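The next block holds one structure in the form of structure tokens; read it before the comments.
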Amino acid sequence: MSSTTLRQRRKEPIKEQEASVFSRPETQQAFVSFRLALLITTGIVIATLLLAYMTSPITAVGVEELTIVELTGPFELNRKLSKGKQILMSAPESIVEHKGNLYTGLADGRIVKIHPSEDGALGAGKVEYLTNGIIPKAEKTTEDINHGRALGIRIHDNDLYVADAIYGLYKLDLNSKEITILVRPSDTNPPMKFPDDLDITADGKIVYFSDASYRCPITTLINEALEGTCTSRIFKYHVFTHKLETVMTGLCFGNGVQLTKDEKTLIIPETTRYRVSWVDTTTWKTKHVLKIPAMPDNVRMNRHGTYWVGATSKLSKPLQFLFRYPFLRQIVIGLVPANVILGIPNRKHNMLFEVNDNGEIIETLHDPDGDLTFAVAQGTELSDGRIALGTYAAPFLAIADRSE
């Protein structure tokens, strides 16, 4: 008998045993149960995803490819934004310096004035509350919040102008503390949902301001971001005649607003596209576009005549992938609570980009580990050379030391 035949005969009992095991009723029943459980689980998953898609609060649209900008060259990683001081207060997003005082708006709508210290140090004195955050009987962009939210502030003469996400555009007389509503949400067509930032011409005659979305108020801003639509607008308000013009539409969460020195160009960060646009104020055509590594927010001129763009949440590959497929975004927002999604981006790594009139990047200041900052929205260069860093989420105002 050959060795091959012997091996075959030895295997036959094993095969017979295997066959007998699988032929047992209990084994067949277990296999059927497994297949049934797998089918049920698959059906539940598919049904859940389909339900999330169908009941999603957004209708996601295609987004052009978002570019991951590497931290090289003028974007090179450093720690130039990591040292300074913090002043405890709730989410002071926009800051302006005026006559030795710092002014900002808080998460609860209050406008505050930070006095200098007795020896004149900026931001080191008492904090004075100029308003209580509520404008009685004023029209609002949403009924879900009963107070204002100042996202952009400027001062001209003795008036503090505010782009408020709830109340629209108003001004505060710094002497009398009287508030005057200039543009209500319903004064535009369609009504504003997310008034965001502003700038004023040198003669005080024109206020340019942004409405980041005409669909989603601040309470559902994640919907605007994940939907991928571009419903932001820029308005031109004539201070003395009260005439209001819509000068630009179709921006992708157009956020900050900053005039160049000659007032012929408006610099507009587009947050959800990770870019900053330079727009001609005569033709309203885009002249330059700068793609940056993180989400830009507000922009302010510095003492050198260039501009600081505040940014946080560096674009990641998973987020880039998510934006590539609208159906995924629609399912995600249908499954995951908005507050959870808002907590996903890395808001510890914050950046300030210095840019010029020609749309060129000069340098970048980083706080990669959030040693000083969190969720940076704006950089305001102070007269002492330091930079006040506005935030949309941190419980403090950070002031960064700046060494030349």
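If you average the C-alpha positions of segment 253-319 and of segment 114-189 separately, how far apart do those two centres end up, in angstrom? If you average the Cα positions of each part, the centres end up 23 Å apart.
Can you list the lysines whose alpha carbon is less than 23 Å from that of residue 314, not counting same-chain residues fewer than 8 positions off? Once the sequence-local lysines are set aside, what remains near residue 314 is 80, 83, 291, 348.
For trypsin sites (Lys or Arg not before Pro), the sites in segment 154-193 that DSSP calls loop and that have at most 16 other Cβ atoms within 10 Å are 177. Springs join every pair of Cα atoms under 10 Å in this Gaussian network model of the chain, and among 333, 153, 134 the largest mean-square fluctuation is at 134. Computing percent of Cα pairs over 34 Å apart directly from the structure and comparing it against [x] 47; [y] 23; [z] 36 singles out [z].
Laboratory data are not the source of any read-out in this text; all were calculated from the coordinates shown. Here the structure is a predicted model, which means the values were calculated and not measured. Counting neighbours? That spans all protein chains shown, and the Cβs are built from the backbone with ideal geometry, glycine included.
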